[in-house]
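The values are calculated or read from the model by the stated rules, or taken from the named source; none is laboratory data. Quantities reported herein were computed from a predicted structural model and do not represent experimental measurements. Ideal geometry is used to build each Cβ from the backbone, glycine not excepted, and the neighbour counts take in all protein chains shown.
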Amino acid sequence: MLQAKVQATAQRRMGPFTGLLAAILLGLGLTFAQVAPSMARAAPESFADLAEKVSPAVVNITTTTTIAAPTGDEGGPIVPEGSPFEDFFKRFGNPDAPNGQNGPQRSNALGSGFVISEDGYIVTNNHVIEGADEISIEFFSGKTLDAKIIGTDPKTDLALLKVESPEPLAYVSFGDSNVMRVGDWVMAVGNPLGQGFSVSAGIVSARNRALSGTYDDFIQTDAAINRGNSGGPLFNMDGDVVGVNTAILSPNGGSIGIGFSMASNVVSKVVQQLKDFGETRRGWLGVRIQDVTPDVAEAMGLKDQKGALVTDVPDGPAKDGGMLSGDVIVGFEGSPITDTRDLVRRVADADVGKAVRVEVLREGKTQTLLITLGRREEAEATDTPVAEGGPEAPASKDVLGLTLNVLTPEQETELGLPQGTEGLVVTNVDETSEAYEKGLRSGDVITEAGQQKVATVADLEARITEAKDAGRKSLLLLIRRGADPRFVALSVE
């Protein structure tokens, strides 16, 4: 009754504008009703059903490691010989050890994991079980089983374990991490700080984060992740694993809302290889590469700052397939390559022994090479260390802030360079120069300038003149430091 009186009063006061206003409000209401559902999904009313569904497949992991006793100066307090405290520490350094001898000690560590098959395969972080003598798995029901290691991959910090259970185990499946969007809800389950099964929720804060590894592809989340959560799953709202909780960014060791989970599309591939072979088998192209920076793109006359610039092609698949130093890899198996990280991950995901099509940009023209991939693990096992540094040689000349000499056979050996290398060795770098700012140091060797070989200072000066005559602001140099080549663009203006 009161509402009817208010509406009637409002209509009398509004007069002829009442119908127009009502039409406008109705129109706005329809517009919001049509747009709102496509803008965002409603927040979950509760995570309880999801937590109840997935918790039986999440496990606590306890590891036991034997730590060898320190001997001599390897550990313990440093006490001067003859000090009155020397006898005290000998006698009481370890009260349980006979005659004051410190014996081996047992150390325990806690982490999390999750079951991925009813027959007992469990995924966790490598750092959770690394060096462990014993691994105990505690299930949500309270049951415990011993686990053995099937395989590990330190590069992605992943490990695959196996338990033997008389009955089928509850398990969870991997979801597609590529479809996760910034702002999507996620839930982390694990064993934070040894408190037992614990659930935290948040959103995807960022995608495709890289920390320090070559194959990193982390989902960043603000769901609380603490010590002990390592190896635990990050779930989407369907109960699929979209990440493995691996690291946090924190000044104090506790969660501040910046956690990182290795994306499930990386995890599932690694886990399958560990299950099949007990080790990883990544594709290997056999090139050394670097990103195409703006100054490198300008020096090479490239339109786009994309692709992976090949700095060296040692013996291997790429060399057999006709790839050359200075090529820019812009495509792999029909997909564009954005940068070096993108290329490394694409190649690693490809099958060992597979013939792949690699698109390169060479002297302004696009070519497609057919290359049969090798295996990265085998290639890395045969890498040999090289010497660093090098002596100065006579008859030096200063160019582009660099003091240069012609490389001698003796320097070639001492600098760990491939046999037959020709170029100019850097004996000094002006610390106020652009060359110093871009990382050039004594012992570096310039082998190419403007993608042409240089054997003398006169060759380098000729390349500088050519770059200026062509209207270019910089010159691309190929620098070798031991076995590690890279391109650097220096200004010639």
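Here are the criteria: (1) assigned to a strand (DSSP E or B); (2) within 30 Å of GLU437 (Cα to Cα); (3) modelled with pLDDT of 90 or more. Tell me which single one VAL356 does not satisfy. With respect to (1) assigned to a strand (DSSP E or B); (2) within 30 Å of GLU437 (Cα to Cα); (3) modelled with pLDDT of 90 or more, VAL356 is out only on (2). Which of the following residues is of a type in the set (Gly, Ala, Ser), loosely packed, with under 14 Cβ neighbours inside 10 Å and either at pLDDT below 85 or touching a helix residue (DSSP H, G or I) at 6+ places or on another chain (Cβ under 8 Å) (or both): GLY401, GLY420? The match here is GLY420. Among the numbered criteria (1) in contact with a strand residue (DSSP E or B) (Cβ under 9 Å, 6 or more places away or on another chain); (2) among the polar types (S, T, N, Q); (3) not in a helix (DSSP H, G or I), which one does ASN265 miss? Of (1) in contact with a strand residue (DSSP E or B) (Cβ under 9 Å, 6 or more places away or on another chain); (2) among the polar types (S, T, N, Q); (3) not in a helix (DSSP H, G or I), only one is false for ASN265: (3).
Answer with yes or no whether ASP351 is at pLDDT 90 or above and either assigned to a loop (DSSP other than H, G, I, E, B) or farther than 20 Å from PHE332 by Cβ (or both). Taking the combined requirement at face value, the residue satisfies it. Residues that are hydrophobic (A, V, I, L, M, F, W, C) and either assigned to a loop (DSSP other than H, G, I, E, B) or touching a Gly at 6+ places or on another chain (Cβ under 6 Å) (or both) within the stretch 156-172 comprise LEU160, VAL163, LEU169, ALA170, VAL172, listed in sequence order.
In this structure, is SER255 among the hydroxyl-bearing types (Ser, Thr, Tyr), over 20 Å from ARG375 (Cα atoms), in a strand (DSSP E or B) and assigned by TED's automatic domain parsing to the domain that holds GLY202?
For SER255, the condition - among the hydroxyl-bearing types (Ser, Thr, Tyr), over 20 Å from ARG375 (Cα atoms), in a strand (DSSP E or B) and assigned by TED's automatic domain parsing to the domain that holds GLY202 - is not met.
Looking only at the stretch 473-493, residues that are modelled with pLDDT of 85 or more and either on the phi > 0 side of the Ramachandran plot or not hydrophobic (A, V, I, L, M, F, W, C) (or both) come to 7 in all.
Of everything in the stretch 290-338 that is more than 11 Å from VAL358 (Cα to Cα) and among the small types (Gly, Ala, Ser), the residue that is surrounded by the fewest Cβ atoms within 10 Å (Cβ to Cβ) is GLY301.
Restricting attention to the stretch 173-202 and to residues that are assigned to a loop (DSSP other than H, G, I, E, B) and in contact (Cβ under 8 Å) with a residue 60 or more places away in the chain, the residue that is surrounded by the fewest Cβ atoms within 10 Å (Cβ to Cβ) turns out to be GLY183.
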